[in-house]
There are 2 protein chains.
Amino acid sequence: MTLDTENRSMHTPENISENENLGPGLFVGLDIGGTKTAVLIVDRVLNVIGRGAAPTVVSSPEALVDGIYNAVVQTLADCGRTTADLLAVGAGVPGMVDPNTGMVRLAVNLNLEKYPLGPALAERLGVSVALENDVRAASLGAYRWLNEQTPVHYMAYLSIGTGISAGLVVDGRIYRGTQGMAGEIGHVIFEPDGPLCRCGLHGCFEAISAGPAIARHYKDGDGTAESVFLAAEQGDPTALAAIAYAAEGVARAVQLLVMAYDVDKVVLGGGVLNAGEAFLTPIYESLARMREQSDLAARMLAADKVIAAPREADVARWGAVLLALGAYNKRADG
Amino acid sequence: MTLDTENRSMHTPENISENENLGPGLFVGLDIGGTKTAVLIVDRVLNVIGRGAAPTVVSSPEALVDGIYNAVVQTLADCGRTTADLLAVGAGVPGMVDPNTGMVRLAVNLNLEKYPLGPALAERLGVSVALENDVRAASLGAYRWLNEQTPVHYMAYLSIGTGISAGLVVDGRIYRGTQGMAGEIGHVIFEPDGPLCRCGLHGCFEAISAGPAIARHYKDGDGTAESVFLAAEQGDPTALAAIAYAAEGVARAVQLLVMAYDVDKVVLGGGVLNAGEAFLTPIYESLARMREQSDLAARMLAADKVIAAPREADVARWGAVLLALGAYNKRADG
């Protein structure tokens, strides 16, 4: 994640500013969600040029590609730019992705199965497109954000939203595993007799702590996680208990990540974390109880081990930008 | 883990055999346990020259070093060799180890805390000594054993004995994490209301599935895991239930390792696995139940995902030999 600055002077006429010297080239990061595609445009030195978003169209693969293309073109147009300025594009996709081929093996929320989304987007946009699983991509964004404040080598990112997944980043590189599934701890069994998970198992971490799970723990379960946090704010004890139960699951997941990966930090993100202290406080309380009970937990789960990425860190889109940068550098090397 | 064969001819007088040509150099692998130190001696091309074992003396660090030194010297003598033939030594140590400095940060069973065991052994033996946590070292041995039959890139080794720990090996390298604690999943909480673990937490995986835990699940818990397996062999339903409960824990740990690390294979080892089919069968049954319930589990936990390393594979000592080889090559490169 260092920019090659050594060779700049080779191409530098003296009468233009540094950024102009670098040319008008732009990187685009895309966070392709089931309902919304978010766009971030940066220049060569990673200054933000523009942001945008558009609904994700999932009626067909072709419509999906059209929609994403239009979202990029519109965001570029809003900055007075065109696709001619693009250097490379990165995209986080909610599903199983082969980053080498750009093939989406399965993305239920995008209505895709075995579709070459990377090549299809590359053809429309005229530049390299790097794909990665959305949470693994966001891990890279979280790693960049974290290293702006604390230099670390080993970091896990835990995303808690509609689903739950994690990513491990070591020295700026995503650890993917053999199928790119490393970090899918949302489906680790936390309670064999617990609630049924959408994967078919019982008591998966996701069935305990994801947004929909929090809603289900509360009364008739016909609301949303947001409504549970609202009720908790009013002091509703059932809502508080539902949140505490989910938070306990998150604390257990943090412990799992630390014991399995031995990371310097665990960064929390995802939609449910937008609840802020209302969710973080019971998570930190659960971790503090572990530390009280166990010297090993005290050593491995120090109070500063866990940190929440603020919404503004925009780790999903920044991670996608870093994918774009990686794809561009790789092309330049090759 | 490839040997440099290219340069051999440079030093080869034509009238001696290849092995003699390579010189009399030997690598030693040590598995330093709380009660026994096991020794494996191999030549430069990893042919076994000798094996030995001696009680581990833990009365003081000096006595420990003396005892290990004597075990190595005796095993060498049994093969008609001396320490003058040594190229490098590797050792697996049951505790927290810094492989860069050879410092043992904490090894309760060896009665060591902040002791430079690597340098102390190196001084006595006159060669480089590479230390690693015993289970992480054994992971390397398991990786070598596994790759003799099936080429894999990502492998987790899960050791179930008096304690429980795991190791991740990627392309022949141990993944250590920031403190060398990666894989300490024996202390991941499986049941918050479960049995008290020696670490102070409740319901850790180790408190459910390690040897002493199996003994505790059975009747008054005053026997050993071996005695429970013996009772199970006689059809004792309480013993069978105790084993099934522990096996369910192992299956959950396998699932955890696969979801967190996304490995090609999980290799099982450690003392409790010496029970063979009596333990393996219920583990495989638990995994089969997960596959029946969930497409995701079926994809991630295929029937051939898990394999037990046979005792003869001697993964602990072979892992230590590979540490020695690594230390020697590093010295030769540097």
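Could you list B:Leu131, A:Leu257, A:Leu168 in order of exposure, starting from the residue whose Cβ has the fewest other Cβ atoms within 10 Å? The partial results should precede the final answer.
Values: B:Leu131 31, A:Leu257 24, A:Leu168 27.
Neighbour counts put them in this order, fewest first: A:Leu257, A:Leu168, B:Leu131.
Does the range B:111-163 come out rounded, prolate or oblate by the C-alpha gyration tensor, with a ≥ b ≥ c the root eigenvalues, rounded set by a/c under 1.5 and, if not, prolate when a/b is larger than b/c and oblate if not? Cα axes put the range B:111-163 in the oblate bin. A viscosity of 1.567 mPa s and a temperature of 4 °C, combined with the Kirkwood radius over Cα pairs in Stokes-Einstein, give a translational diffusion coefficient for chain A of 62 µm²/s. Put a plus charge on the Cβ of each Lys and Arg, a minus charge on the Cβ of each Asp and Glu, and nothing anywhere else: the dipole of the protein assembly as shown about its Cα centre is then about 220 debye. With semi-axes defined as the square roots of five times the eigenvalues of the C-alpha gyration tensor, the equivalent ellipsoid of the range A:138-313 measures 25, 18, 16 Å, largest first.
Across the copies of the chain, A:Gln74 has label points (7 Å from Cα along Cα→Cβ) spaced 7.9 nm apart, shortest distance listed first.
Remind me, relative contact order of the range B:138-312 in percent, using alpha carbon pairs under 8 angstrom and six or more residues apart?
Details: 300 pairs, mean separation 36.9, N = 175.
Worked out over the range B:138-312, it gives 21 percent.
Treat every Asp and Glu Cβ in chain A as -1 and every Lys and Arg Cβ as +1, leave all other atoms uncharged, and give the resulting dipole magnitude about the Cα centre to the nearest 20 debye. Write out the running numbers ahead of the final one.
Values: 25 positive and 38 negative charges, 91 e Å.
Dipole size: approximately 440 debye.
For B:Lys330, a cut-off of 19 angstrom between C-alpha atoms picks up these aspartates and glutamates, skipping any fewer than 8 places away in its own chain: B:Asp4, B:Glu6, B:Asp43, B:Asp85, B:Asp98, B:Glu123, B:Glu132, B:Asp171.
Cross-link partners for A:Lys305 among the lysines, with Cα-Cα distance under 26 Å and sequence neighbours closer than 8 places in the same chain left out: A:Lys265, B:Lys114. Placing a label point 7 Å from the Cα of B:Ala303 along the Cα-to-Cβ direction, the residues of the range B:248-287 with a backbone N closer than 19 Å are B:251, B:255, B:265-268, B:277-287.
Of all beta-carbon atoms in chain B, the one sitting closest to the axis that brings chain B onto chain A gives B:Ala260, 2, with the distance in whole angstrom.
Under 8 Å for C-alpha pairs, at least 6 residues apart: give me the relative contact order for chain A, rounded to a whole percent. All intermediate terms of the calculation are to be shown ahead of the outcome.
Numbers: 675 pairs, mean separation 61.2, N = 334.
18 percent.
For the range B:264-334, just say rounded, prolate or oblate: build the C-alpha gyration tensor, square-root its eigenvalues into a ≥ b ≥ c, call rounded for a/c under 1.5, and beyond that prolate if a/b exceeds b/c, oblate if not. Taking the square roots of the gyration eigenvalues as a ≥ b ≥ c, the range B:264-334 is oblate.
Other protein chain C-beta atoms within 10 Å of residue C-beta, averaged over A:183-189: 6.
Between helix B:134-149 and chain B there is an angle of about 90 degrees, using the helix long axis and the longest principal axis of the Cα atoms. Each other copy holds its own label point for A:Val45; taking that point as 7 Å from Cα along Cα to Cβ, the gaps run 5.9 nm, nearest first.
Each copy carries a label point for B:Gly235 at 7 Å from Cα toward Cβ; from one copy, the others' points are 6.4 nm away, ordered from shortest.
Can you classify the protein assembly as shown as rounded, prolate or oblate using the Cα gyration tensor, where a ≥ b ≥ c are the square roots of its eigenvalues, rounded means a/c under 1.5, and otherwise it's prolate if a/b beats b/c and oblate if not? Note, shape of the protein assembly as shown comes out oblate.
Taking the Cα centre of the range B:138-312 as origin, work out the dipole magnitude from +1 charges on Lys and Arg Cβ and -1 charges on Asp and Glu Cβ, in debye rounded to 20. Please report the intermediate quantities before stating the final value.
Numbers: 13 positive and 20 negative charges, 90 e Å.
The dipole magnitude comes to about 440 debye.
Every number here is computed from the coordinates shown, using simple stated rules; none is lab data. These figures come from a predicted structure and were not determined experimentally. Methodologically, a virtual Cβ is constructed for each residue, glycine included, from the backbone with ideal geometry; neighbour enumeration extends over all protein chains shown.
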